[in-house]
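J.: Before we start, here is the structure in question, set down as structure tokens.
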Amino acid sequence: LVLQPLRALAESGAPEELVHEVARAGRSFDHAVADHASADEAQAKTTAHTDAAVRADLDAETATKESSRLGVLLDRARRRQQTMSALARDHARLAGDVAELDRKLIAADLDAPTAKLTTAAAQLSMADAALQSTAAALARARADHTRHLAGDLAALLEPDEPCPVCGSREHPSPAPRTADADVGVLEVERDRCQKEHSRAEEEWKRASETLDGARAAADSLPSADDQAAMRARAHEASVAAEELGAVNADVESLTQSIADLTGVAARSTERAAAERAAAADAAARMARHRTEAELVLRADQIDRTRLDVADVRATVSELASSTGALATKAGAYAQTTAEVGTALVAEGFPDERSLATALLHEAQREHMEQLLAEAADRSIAIARHEGTIGDAPVPPERPDVDGLRALSQDRSDAARIASDLAATLDRDLKGLRRLTRSIEELGPDVDRLVDRARRAKEIADVIVRGKGTLLGLERWIQRALFEEVCAVAGERVAVLSHGRYVLTLDATGQRQGARAAGLDLYVTDSHTGRTRPVQTLSGGEQFLTSLALALALAEVVQNRSGGIELATLFIDEGFGSLDGDTLETAVEVLRSLQDAGRTVGLISHVEAMRQELPVGLEVIPSPSGSVLRCLSPIG
């Protein structure tokens, strides 16, 4: 249909008519190609929109399924949240009950009161014996003193002089003198023994009352099973209180995720509907453009028709150009021929050949004849090549040699990569076959060996990382050593805090599952009876705890390391957070270390420390640099 109108003009049409019809055919061809291109583009968009709609449906379906799965998890999390919330609400009460039970257990301890009563009874017996002995000695001393006074009076008797006691003037048997006893010293000793006896008696009474109270407390204790049940409930409530925050976060996260997935599903459904509408619109455009294009040109005719149109356009253009040039040259030739004829006649030459013969030299004529022969040879060669090519049209564009070379290189690279991949796959296949043979050789033992390897791995994981309530080996050893450090540090903390705090690694104060716990440190406050993290202590209390841990660590290291001796200890700052009494206690502890042979160095800006420990070095800043000044007790 594009070139059909040219057929009627091909034989008799004027060049101008042919040029006009070729231009019209080119426009018709371009419109048809454009319609085909638009139809192809619309078809591609139809496919793209359809694929996008399918993907959106899959996204909506996936989001819906995931939302349903998370809904099941959310229901479980909410049930767990309700259970743990109920337990967490009872946590404070149960912890108080356990603390009260611990106080009762301490009060019901019979061993210490019994030992104390035994000691007090022994001391009372010794004090009673000492008092009786001292009283007997005092009685004897007083009797001796009386006899000594009688001897003194007898020494003063004069013959025939009345006795100052009885008045008799006769003295037949005067009393002899005896050694005088120091009654005053014995009275003082008697008074001291009396006081010691009273004190021992009071101690015995207090010990008896303490033992009676312990027995009463022991009688009021619940049974061992009730105690274990109480501690188990408290521990369960403590775990629930600790994990409730994470469960609440899970519920919130799942709720938000379900809401997000619901939104994703809705948006995906909307996007799928929009993509289907766009696909339908693109399909309508494709059908319209394809119908309009098919009226003029089928898609499989485009390439051949493009060559035909180009050939026709070039041929007609060449025809028009040649026709015009021919007409021009024909007129010029006629005029030139007339002028040449006139000139030949005027010069006396009958024709052009006679003129050429007269004008050309022999060498020029031979050269021109050679050129004519070469031209004839080229015409023969052209005819031979045209016979070889036949009716095949000349390509409208020169082939892209560089692009073809690059394409050939890409194909070579792809072939090499495919060869390498084939070699890799062949190696993998051989390895797979070897493994298959190994599995076949193992036969029925393979499951047993796999199970054994799995159990070995589980045991190794438990040893390295721990599992459940079990610690890993490394952390278990750390825990055991840290318990020793904590025990030594607890004694110093008790001294530094005036008996208020006791260090422990057990968060509940129940000593249950201590080996499975971490390395966190807690204190039991005797003022409140509760156990809490050391982070809740004040700044000064934390410093004292750190000091006690450092001293305990040094002591444990020395005890466990044979000949290693840590003779020097440096403490940097921290004393500014202590009150006066606590500062004095800390200084006394450090002095005791010094008395034990250790060197203690303190780095502090606290003026009170300078007053307490005046021996040292003072750093005095100045514009030219810091200066050291040696301090001594005399200034």
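J.: Mind listing just one residue for me: the one in the range 362-409 that is modelled with pLDDT of 80 or more and either part of a loop (DSSP other than H, G, I, E, B) or under 60 Å from the mean Cα position of the chain (by Cα) (or both) and, of those, nearest to Ala314 (Cα to Cα)?
T.: It comes out as Ala406.
J.: Taking only the range 531-564 into account, find how many residues are surrounded by 14 or more Cβ atoms within 10 Å (Cβ to Cβ) and among the basic types (Lys, Arg).
T.: Of all residues in the range 531-564, those surrounded by 14 or more Cβ atoms within 10 Å (Cβ to Cβ) come to 531-532, 534, 537, 540-558.
Next, from what is left, pick out any that are among the basic types (Lys, Arg): 532.
Within the range 531-564, residues that are surrounded by 14 or more Cβ atoms within 10 Å (Cβ to Cβ) and among the basic types (Lys, Arg) number 1.
J.: Could I ask something else about it? Residue under question is Ala107, and the condition is that it be open to solvent by 50 Å² or more (accessible area, probe 1.4 Å) and without any contact (Cβ under 8 Å) to a residue 40 or more places away in the chain; does it hold?
T.: Judged against the criteria, Ala107 is not a match.
J.: Of Val462, Val502, which residue is open to solvent by less than 70 Å² (accessible area, probe 1.4 Å), closer than 29 Å to Ala234 by Cα and either at pLDDT below 70 or not in a helix (DSSP H, G or I) (or both)? Let's see the steps before the verdict.
T.: Numbers: Val502 fails: open to solvent by less than 70 Å² (accessible area, probe 1.4 Å).
When all the criteria are applied, what remains is Val462.
J.: Among the residues that make up the range 223-231, is at least one of them under 27 Å from Leu74 (Cα atoms), in a helix (DSSP H, G or I), within 37 Å of the chain's Cα centre (by Cα) and at pLDDT 80 or above?
T.: Checking the range 223-231: not a single residue is under 27 Å from Leu74 (Cα atoms), in a helix (DSSP H, G or I), within 37 Å of the chain's Cα centre (by Cα) and at pLDDT 80 or above.
J.: Leu319 passes all but one of (1) aliphatic (A, V, I, L, M); (2) modelled with pLDDT of 85 or more; (3) open to solvent by 60 Å² or more (accessible area, probe 1.4 Å); which number fails?
T.: If we test Leu319 against (1) aliphatic (A, V, I, L, M); (2) modelled with pLDDT of 85 or more; (3) open to solvent by 60 Å² or more (accessible area, probe 1.4 Å), just (2) comes out false.
J.: Quick one: Cys163 ticks every box in (1) free of Cβ contacts under 8 Å to residues at least 12 places away in the same chain; (2) within 30 Å of Arg233 (Cβ to Cβ); (3) in contact with a His (Cβ under 9 Å, 6 or more places away or on another chain) except a single one, so which number is it?
T.: Single failed check for Cys163: (2).
J.: Going by the structure shown, is Ala218 surrounded by 14 or more Cβ atoms within 10 Å (Cβ to Cβ), at pLDDT below 85 and within 30 Å of His91 (Cα to Cα)?
T.: So Ala218 passes the test.
J.: Given the criteria closer than 22 Å to Lys104 by Cα and modelled with pLDDT under 80, does Ala567 qualify?
T.: So Ala567 fails the test.
J.: With respect to Leu326, determine if the residue is in contact with a helix residue (DSSP H, G or I) (Cβ under 8 Å, 6 or more places away or on another chain), in a helix (DSSP H, G or I) and at pLDDT below 70.
T.: Judged against the criteria, Leu326 is not a match.
Results for (1) open to solvent by less than 70 Å² (accessible area, probe 1.4 Å); (2) in contact (Cβ under 8 Å) with a residue 40 or more places away in the chain; (3) in a helix (DSSP H, G or I); (4) more than 27 Å from Ser238 (Cα to Cα), shown as yes or no for each residue.
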{"site": "His36", "(1), (2), (3), (4)": "yes, yes, yes, yes"}
{"site": "Lys45", "(1), (2), (3), (4)": "no, yes, yes, yes"}
{"site": "Asp57", "(1), (2), (3), (4)": "yes, yes, yes, yes"}
{"site": "Ala60", "(1), (2), (3), (4)": "yes, yes, yes, yes"}
{"site": "Gly71", "(1), (2), (3), (4)": "yes, yes, yes, yes"}
{"site": "Leu74", "(1), (2), (3), (4)": "yes, yes, yes, no"}
{"site": "Arg79", "(1), (2), (3), (4)": "no, no, yes, no"}
{"site": "Gly96", "(1), (2), (3), (4)": "yes, no, yes, no"}
{"site": "Ala122", "(1), (2), (3), (4)": "yes, no, yes, yes"}
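The values are calculated or read from the model by the stated rules, or taken from the named source; none is laboratory data. Note that the structure is predicted; figures quoted are calculated from it, not measured. Cβ: placed from backbone, ideal geometry, glycine included. Neighbour counts: every protein chain shown. The protein model used for the area step is the full one, side chains on, heavy atoms only, and it has no ligands, DNA or RNA in it. Shrake-Rupley method; radii C 1.70, N 1.55, O 1.52, S 1.80 Å.
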